[in-house]
Amino acid sequence: MRSVGVHGADTIQQLLNAGLLDEISIDIAAVLLGSGVRLFDHLAGTPAVLGNPTVIAGVGVTHLRYPVRNASS
């Protein structure tokens, strides 16, 4: 199996809607970037079910890795 990384809210939303994501990685930093596209705004198959995250705390950043679950499980 190979890992493929994708970036951008629009692309992530499309892949979630198509059921093609196994994991979501989110990095939270104390920086306000202004406007943008909300990551979970336009999901067709809601609710998207995320598993328990792996949390890695860093200096000025927190890394979250969520497994994407099948809504029926």
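Every read-out reported here was derived from the displayed coordinates using simple, explicitly stated rules and does not represent laboratory data. Since we're looking at a predicted model, the values are computed, not measured. Positions of Cβ are generated from backbone atoms using ideal geometry, with glycine treated the same way; all protein chains shown enter the neighbour counts.
Which net charge results when you count Lys and Arg as +1 and Asp and Glu as -1 among the other residues whose beta-carbon is under 14 Å from that of Arg69?
Surrounding charge for Arg69 is -1.
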When Arg69, Arg2 are ordered from fewest to most other Cβ atoms inside 10 Å of their Cβ, what list results?
Arg2, Arg69
Match the structure shown to one of the listed values (i) 3, 14, 22, 25, 20, 12, 3, 1; (ii) 3, 16, 20, 21, 14, 10, 6, 6, 3, 0; (iii) 3, 16, 32, 26, 17, 5, 1 of P(r) over Cα pairs in 5 Å bins from 0, in percent, computed from it, and give that label.
(i)
The stretch 1-56: relative contact order as a whole-number percent, Cα under 8 Å and 6+ apart
47
Residue-averaged [θ]222 nm for the chain, counting only DSSP H segments that reach four residues, each worth -39500 (n - 2.57):
-3500 deg cm²/dmol
Please arrange Ile28, Ile12 by how many other C-beta atoms lie within 10 Å of their C-beta, fewest to most.
Ile28, Ile12
